[in-house]
1. Quick test for you: out of A:Pro47, A:Pro6, pick the one residue that is surrounded by 13 or more Cβ atoms within 10 Å (Cβ to Cβ), in contact with a Lys or Arg (Cβ under 7 Å, 6 or more places away or on another chain) and not polar (S, T, N, Q).
2. If B:Leu440 meets every condition in (1) assigned to a helix (DSSP H, G or I); (2) assigned by TED's automatic domain parsing to the domain that holds B:Ile516 apart from one, which number is that one?
3. Just checking, how many residues over segment B:60-97 are basic (Lys, Arg), out of contact with any strand residue (DSSP E or B) (no Cβ under 7 Å at 6 or more places or on another chain) and closer than 30 Å to B:Cys294 by Cβ?
4. Tally up the residues in segment B:184-215 that are assigned to a loop (DSSP other than H, G, I, E, B), within 17 Å of A:Tyr63 (Cβ to Cβ) and either small (Gly, Ala, Ser) or at pLDDT 95 or above (or both), please.
5. Restricting segment B:166-197 to residues that are among the aromatic types (Phe, Trp, Tyr) and more than 12 Å from chain A (Cβ to nearest Cβ), which is nearest to B:Val224 (Cα to Cα)?
6. If we scan segment B:159-177, do we find a residue that is modelled with pLDDT of 85 or more, touching a Lys or Arg at 6+ places or on another chain (Cβ under 7 Å), surrounded by 13 or more Cβ atoms within 10 Å (Cβ to Cβ) and within 30 Å of B:Ser79 (Cα to Cα)?
7. Got at least one residue in segment A:127-143 being within 14 Å of chain B (Cβ to nearest Cβ), surrounded by fewer than 21 Cβ atoms within 10 Å (Cβ to Cβ) and more than 16 Å from the chain's Cα centre (by Cα)?
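The values are calculated or read from the model by the stated rules, or taken from the named source; none is laboratory data. Predicted model, so just to flag it, every value in this text is computed and none were measured. Cβ placement follows ideal geometry from the backbone for every residue including glycine, while neighbour counts extend to all protein chains displayed.
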Amino acid sequence: MSGGLPKRILKETERLMADSPPGISAAPKDDNLRHFDVTVAGPESSPYEGGVFKLELFLPEEYPMNPPKVRFLTKIYHPNIDKLGRICLDILKDKWSPALQIRTVLLSIQALLGAPNPDDPLANDVAQHWKEDQNGAIEQAREWTRQYAN
Amino acid sequence: MSSDGENDDFFFEDEYDDASDQGEMMEDIDSTSEPDVYDALSPALEEAPQRKPYDVTWKVKTLQEIIDMQNKEITKIQSVLEVPASSAAILLRHYVWNSEKLQEQFWNDPAFALNEAGLSPPSSPSTRTIPLPQSPSRRSNRSIRSGPSSPIRRTRSVVTSGPFECPICCMEFDQQAINKHTYSMGCGHRFCRDCWTEYLSGKIKSEGESAKIQCMESGCGRIVREEVIDELVEKDISKRYHNLLNAAFVADSPNLRWCPHPNCEFIIECSQAPSRMLNQIVPTVGCKCGHDLCFGCGYAASHRPVLCKIVKLWEKKCADDSETSNWLQANTKECTKCQSTIEKNGGCNHMTCKKCKWEFCWVCMGPWTEHGTAWYQCNRFDEKSGIDARDNQAKSRASLERYLHYFNRWANHELSAKLDAEFYQKTEKKMEQMQNSGNLSWIEVQFAKQAVDAVIKARTTLKWSYCMAFYLKRNNMTELFEDNQRDLERAVENLGYLLEQNISDTESISKLRQDITNQAAYVQKRHDILMDDTLKGYLERRWEFTVDI
């Protein structure tokens, strides 16, 4: 049933299943092998520490020439992630290169959790909070992590 | 300045005298004293080639000339910097064809300049892309941008042993096939040719990229050279790529602009209209395709005498529905209680809001309870609250009326311009008629066509003069402007009327011919006066606008 899937996707999937990066899991859905269920653990010493965040990842027809589509399913308080779970990350847009992979994308997202960038915001209200009252914003992010990311 | 009471014949005499006074500026033929009025005036209907201080000079270039311009620059840089032609092209494109800046940067630090432009220096060690990494590596948080590629580049020199796996499609190639089926640039990132082709075609076709297509490796800024692209992609895509490169060259160059008219492939070169000058000149230029355009903003016709910026403001004002809200403000009032918008379309002044049932007086906007039974008269008109409400409304109505005044005149001329073709046809018919019935030769009836040309030209100028007037501050200069405008408007109307006349007998034809010729010359004259005075006004900073320019 996976006859139509390019070799590249098969190989990537195989390696992801056999040997996933620490704190990251990704597995294709049974009914669509281009659609992945993903979990990312919040990085240590970040406000997301201890949380496990669910995401979905989809490989479009043009992959790897076009980037995968990734979205957070778990609610998260982060200046570069909006309330629909969309992520502002350059490699998912104009800095995409076909040499990048699912693995590298997920690692970058994990890194983004550890290094929020309020100067390039997607969720303006959160970014504003981050800039004006960083401690308060971090506390809020911790609270949301406790509440939603379990 | 002429006042309303004077007749047109007087104007004509007046202007004709002026024309003789300015003999030096006009063509020689104007200053010679021909006895026949017709012969002396007809040259004035043709384009006068003299240069005015507000005119610009320009050249119309073909695409081939644009390509040659680039090649000339490339050859120059190639020999000065001693780099291959394709490198020179990449360097020039990176430095936006500023060869002086390029040379300065290059001699300062060649390696840096090359690297910046996406050409790694020849001596840099090449990294080889190898199959997907076998083990995960931890990334540091700081390297979000360049990070993802690091696990892939971590190891190298696998190529010499075993087959090569393209990191993009995961196809394997054995040693013999590597050179034939895979490709890497100087940066050393190797991928199979099929992936390169797909990647480059996608960049060119769907993303419209040309000069800045980089290596497929993440974070590698190496620019793909022209000859590589030509070799790897299909012919039609390569053609598109070169078109995009030329388009980018024209777009990057402040002295070049594509002719905006459909199917015209000419490029205009003009060095006298940099953007900082656009607050004092209106650089109208003519393309070889026969159409005018504005070099400053790319407007596909002459918008003289109005500055580019004002044209843009005007177009926006006419296009967006800010005027709708103006209308609402002028024609409606709000319920003083629930703020619903109400348009009164009849009945007495005793309003009952449909929504909140509040009863008030339409005239003074006060509550109805204080009115008694005075349904058609409000004797409380002077109450303070009522006055303020009415003042606001009057202001808004005045501003709307002002806009509509200018807009209607502008739109009117715009509309007549659309009927140009019909106008020409009608005139041509008349010219035939005159040749048949009036024993006039073909050349003798050309005056009618020249008159139509003058009308159409004057209408375009008049159209824009209303846009100009809308943005002018009220002062003496504006009064003068509007006098000139009115004179031209009237002259055009008269000429239009003459051109509509029926040709009945031979007697009237020669009279009509004389009249039309005279009036056409007068229109041309008034047109030139309005244009000349307005455009000179910019240089002399005579015009004050209600908006910043």
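1. So the residue among A:Pro47, A:Pro6 that is surrounded by 13 or more Cβ atoms within 10 Å (Cβ to Cβ), in contact with a Lys or Arg (Cβ under 7 Å, 6 or more places away or on another chain) and not polar (S, T, N, Q) is A:Pro47.
2. (1)
3. Total meeting the criteria: 2.
4. Residues flagged as assigned to a loop (DSSP other than H, G, I, E, B), within 17 Å of A:Tyr63 (Cβ to Cβ) and either small (Gly, Ala, Ser) or at pLDDT 95 or above (or both) within segment B:184-215 amount to 1.
5. Per the stated criteria, the residue is B:Tyr183.
6. No, the conditions are met nowhere in segment B:159-177.
7. no
Here's the yes/no breakdown for (1) acidic (Asp, Glu); (2) within 14 Å of chain A (Cβ to nearest Cβ):
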| site | (1), (2) |
| --- | --- |
| B:Tyr199 | no, yes |
| B:Gly202 | no, yes |
| B:Glu209 | yes, yes |
| B:Glu217 | yes, yes |
| B:Arg222 | no, yes |
| B:Arg225 | no, no |
| B:Asp230 | yes, no |
| B:Glu234 | yes, no |
| B:Ala248 | no, no |
